[in-house]
Structure formats: structure tokens, C-alpha cells
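Engineer: I'd like to ask some things about the structure below.
The values are calculated or read from the model by the stated rules, or taken from the named source; none is laboratory data. Please read these numbers as outputs of a predicted model, since none were measured by experiment. As a convention, Cβ positions derive from the backbone with ideal geometry for all residues, glycine included, and neighbour counts pool all protein chains shown.
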Amino acid sequence: MSRIIDWHNHWISPRVVEGLSRRTKTPRITTNEQGEKVLIGSTAPGALPPHVLSLGITLIDERLRHLDEVGIERQVISWPTTLGTDAALTAEEAVPLWKAYNEDLAEVVAAHPDRLTGLAILPTSDIAWAAQELERAHEELGLIGATLPVGSFHTLEAAEHFRPILEVAQRHRSHIYLHTGAASAGIPGQLNVPPTDSGFARFGVNAGWSFASSIVTLTLTDFLEPYPDVTFQFAMLGGAITFHAEFIELRARTADLPISPKNAFRRVYIDTGVFGRGQRALELAVETWGADRILFGSDYPIVPIDPTLEAVNRARISAKDREKILSTNGLELLASKPANQLAVA
């Protein structure tokens with residue numbers, strides 16, 4: 001059986017639950033009529049509806065029990081930027097919350113080094129502090145990198161603000177995870193188009209171009225040249241990029257550009273995420289991207305693990321490619337990171 005590594009899953013820590021429960025304005029955690037804790041991330045147009053906090057998103061024992069049940073060996077845990085909390089918080093509000101989260105995450109990773117790996121959450125409203133916190137995440141907390149909302153890199157104008165973070169990331173060979181969501185309003189150059197109708201469909205459409213735009217920023221410019229040792233992961237199969245890859249490649253040839261976009265795209269990883277539940281989408285990603293740059297990700301516990309795992313197993317791809325996605329790529333990527341607690345041998 002494959003040693004399956006899940007690169008797309010989320011956790012909300014005890015001190016963050018406590019901190020958000022004390023707030024009277026969004027983002028905050030409240031209790032509904034059924035007695036369930038509910039996170040209201042943002043009330044901005046197009047924001048996700050309030051999210052009921054399942055046991056898996058707060059309790060580590062419940063998480064580990066479920067991982068055993070479905071056959072996942074390890075999870076690389078991140079904060080759910082989809083909920084819009086970082087963009088809704090001021091720097092003064094975000095810094096103590098994210099500091100507490102990173103410390104809580106370090107504790108559970110240290111307690112379960114053979115099952116869990118962690119990515120720090122960094123505020124996009126205070127880049128200087130975020131760079132310092134990434135340094136601490138590596139040197140003191142035993143984390144392997146950080147999570148940022150994908151809106152941070154929609155354009156070069158936006159990306160330039162994150163160089164202080166990436167300079168630290170280069171020194172530590174960080175893994176940077178770009179997940180669904182907008183950065184702070186103080187970051188210019190974001191391409192945010194809030195849906196005003198058909199939200200069930202427009203969320204996926206907006207996420208598709210959001211990831212594609214950021215992949216273009218990071219792979220079809222020279223922005224990443226100073227950071228050769230930083231690895232980047234994009235959620236949701238990179239959004240619409242696999243669909244547009246052929247068109248972009250043809251346009252590059254027509255323009256006689258000295259670069260192959262499809263080769264350049266391989267500078268980053270993509271994960272299956274919730275988009276990976278579409279079998280044909282995964283098959284297209286393997287064909288256009290290459291299985292050796294795709295990581296398995298479930299989006300647990302926002303959605304169940306089984307549908308995405310089943311889609312990978314049903315996909316019309318080779319057994320070797322399936323093994324790469326579920327296991328080999330993740331094991332090799334983890335082994336390249338310097339955090340002492342990794343037990344991947």
C-alpha cells in the first residue's frame with residue numbers, strides 16, 4: 001500500500017478558537033442553534049458562508065483516527081485561508097492570533113512527528129513581522145514553511161511585496177503553500193471579482209483564474225530567480241492553468257519566445273484538492289503538467305477525504321503516475337526539507 005501523504009488539509013488550533021470566540025465582529029466564532037461552533041470568516045461580498053467547525057478541524061485525536069481509517073500516513077497541515085480571516089484582520093489583530101496558531105501547530109507536530117508536518121500561517125497585513133515569524137517557524141518551531149493566500153501573487157505588483165518573506169524562505173529552503181483566498185487589502189494588484197450571483201458555480205470559476213494568474217506570475221517571469229531552493233505548492237490542481245496550458249504554449253511559440261511555458265510551469269507543484277474530485281480534471285493535469293509535480297491533497301475536513309482519493313484511484317493514468325501523486329512526490333519533497341522532526345525514511 002502506498003505511503004499516502006496528504007498535502008491539502010486544514011486545522012484550527014485551540015488558542016485561535018478561543019481568540020476568535022471572544023470577538024464580536026468578523027472574523028469570529030459563534031455558536032448556532034444546534035450548539036455547533038461556527039466560524040464566520042468574512043462578510044465581504046462573495047465570501048464563503050459561515051463554516052461549521054467539525055471535530056476533524058479542531059481535534060487532533062479525531063483527525064488521526066480518520067487518517068488510520070482511510071489509509072493516510074501523513075498530513076502536511078495548513079490554515080484554511082479560504083475562510084477569508086487574514087484579509088479581514090488588521091495587522092494588530094492577526095499577529096497574536098497567528099503567533100498562537102503557529103505555536104499550537106508546533107506542539108501537535110512535535111507530539112506526532114511520524115504523522116503530522118506543519119506549515120505556519122503568516123499575516124499579509126504585516127510583511128516584516130511575517131518574515132520574522134517564518135524565521136522562527138524554522139529555527140524554533142520545527143515547521144517546514146508557510147501558507148499564504150493565492151491572492152498574494154496574482155500580479156507582479158502584488159508579488160513584489162512578499163520578497164522579505166521569500167528571502168527568509170530561500171535561506172531555509174521553505175515550502176510555501178498558496179491556498180485559496182485574498183491577501184490583505186493593503187496588497188495592491190489583486191484581481192478580486194466578488195460573485196454577485198450563482199455563487200455555487202462562480203467560486204470555482206474565480207478560484208480557477210486566481211490560481212492560474214498566480215502561477216503565471218511565479219513561473220513565466222523572472223520573479224523566482226533569487227529563490228531556487230524554495231518550493232511552491234498551488235492548491236486545486238492549479239485552477240484553470242492545466243486547461244489553458246496548451247493555449248499558452250502555442251502562443252509562446254507564435255511569439256517565438258525563448259521559453260516553454262509548460263516547462264516553466266514545472267517550477268511549482270500543484271495538489272489535487274477539491275478540484276481533484278473531478279476525474280477528468282486530474283487526467284488533464286497529469287497529461288499537461290506531469291504526474292511528478294502533482295501532490296495528493298484532500299481538503300480534509302472541509303470535505304471528506306474519500307472522494308478525492310477515489311478519483312485518483314479511478315483516473316485513467318498509469319500505476320506509476322498514481323504512485324507518484326499519492327506517495328513518491330510527497331516523500332521526496334518532505335525529505336528535501338531540513339526540519340528535524342520529519343520521519344519519512
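Engineer: For Leu83, are the conditions met, namely being under 19 Å from the mean Cα position of the chain (by Cα), farther than 24 Å from Asn329 by Cα and modelled with pLDDT under 95?
Structural biologist: Numbers: under 19 Å from the mean Cα position of the chain (by Cα): yes; farther than 24 Å from Asn329 by Cα: yes; modelled with pLDDT under 95: yes.
For Leu83, the condition - under 19 Å from the mean Cα position of the chain (by Cα), farther than 24 Å from Asn329 by Cα and modelled with pLDDT under 95 - is met.
Engineer: So, Pro96, is that one of a type outside the set (Phe, Trp, Tyr), over 17 Å from Thr81 (Cβ atoms) and either touching a Phe, Trp or Tyr at 6+ places or on another chain (Cβ under 6 Å) or surrounded by fewer than 17 Cβ atoms within 10 Å (Cβ to Cβ) (or both) or not? I'd like the intermediate steps shown before the answer.
Structural biologist: Working: of a type outside the set (Phe, Trp, Tyr): yes; over 17 Å from Thr81 (Cβ atoms): yes; either touching a Phe, Trp or Tyr at 6+ places or on another chain (Cβ under 6 Å) or surrounded by fewer than 17 Cβ atoms within 10 Å (Cβ to Cβ) (or both): yes.
The answer is yes for Pro96.
Engineer: On to the next question. Filter the strands (runs of 3 or more DSSP E) completely within the range 1-91 down to those with at least 3 residues that are hydrophobic (A, V, I, L, M, F, W, C).
Structural biologist: Values: elements: 4-10, 28-31, 37-40, 72-78.
In the range 1-91, the matching strands (runs of 3 or more DSSP E) lie at 4-10, 37-40, 72-78.
Engineer: What pairs come out if I take residues in the range 305-317 that are in contact (Cβ under 8 Å) with a residue 60 or more places away in the chain and pair them with residues that are of a type in the set (Ser, Thr, Tyr) whose C-beta lies under 8 Å away, six or more apart or interchain?
Structural biologist: That search, which allows pairs on different chains as well, returns Ile305/Ser298; Leu309/Ser298.
Engineer: Taking the range 266-293 as the region of interest, how many residues are closer than 18 Å to Gly330 by Cβ, more than 19 Å from the chain's Cα centre (by Cα) and surrounded by fewer than 21 Cβ atoms within 10 Å (Cβ to Cβ)?
Structural biologist: 1
Engineer: Restricting to the range 141-155, what's the tally of residues that are closer than 15 Å to Ile121 by Cα and not in a helix (DSSP H, G or I)? Explain how you work it out, then say what you get.
Structural biologist: So the first thing to find is which residues in the range 141-155 are closer than 15 Å to Ile121 by Cα, and the list is 141-152.
Now drop any that are not not in a helix (DSSP H, G or I), which leaves 141-149.
Adding up the residues that qualify gives 9.
Engineer: Okay, next question. Could you run through the range 18-70 and say how many residues are touching a Pro at 6+ places or on another chain (Cβ under 6 Å) and more than 28 Å from Ala207 (Cα to Cα)?
Structural biologist: 0
Engineer: A follow-up question, please. Just give me the residues in the range 156-183 being in a loop (DSSP other than H, G, I, E, B) and touching a helix residue (DSSP H, G or I) at 6+ places or on another chain (Cβ under 6 Å), in sequence order. Explain how you work it out, then say what you get.
Structural biologist: Filtering the range 156-183 for residues in a loop (DSSP other than H, G, I, E, B) gives 173-174, 180-183.
Across the range 156-183, the qualifying residues are Thr180, Gly181, Ala182, Ala183.
Engineer: Of all residues in the range 1-45, which are farther than 20 Å from Trp79 by Cβ, surrounded by 13 or more Cβ atoms within 10 Å (Cβ to Cβ) and not polar (S, T, N, Q)?
Structural biologist: Answer for the range 1-45, where residues must be farther than 20 Å from Trp79 by Cβ, surrounded by 13 or more Cβ atoms within 10 Å (Cβ to Cβ) and not polar (S, T, N, Q): Arg3, Ile4.
Engineer: Within the range 184-203, which residues are hydrophobic (A, V, I, L, M, F, W, C) and assigned to a loop (DSSP other than H, G, I, E, B)?
Structural biologist: Scanning the range 184-203 gives Ala185, Ile187, Leu191, Val193.
Engineer: Could you tell me whether any residue of the range 7-17 is in contact with a Ser or Thr (Cβ under 7 Å, 6 or more places away or on another chain) and farther than 25 Å from Glu310 by Cβ? Before you say what the answer is, go through the steps one by one.
Structural biologist: First, pick out the residues of the range 7-17 that are in contact with a Ser or Thr (Cβ under 7 Å, 6 or more places away or on another chain): 8-10, 12, 17.
Restricting the remaining residues to those that are farther than 25 Å from Glu310 by Cβ gives 12, 17.
Scanning the range 7-17 turns up at least one residue that is in contact with a Ser or Thr (Cβ under 7 Å, 6 or more places away or on another chain) and farther than 25 Å from Glu310 by Cβ.
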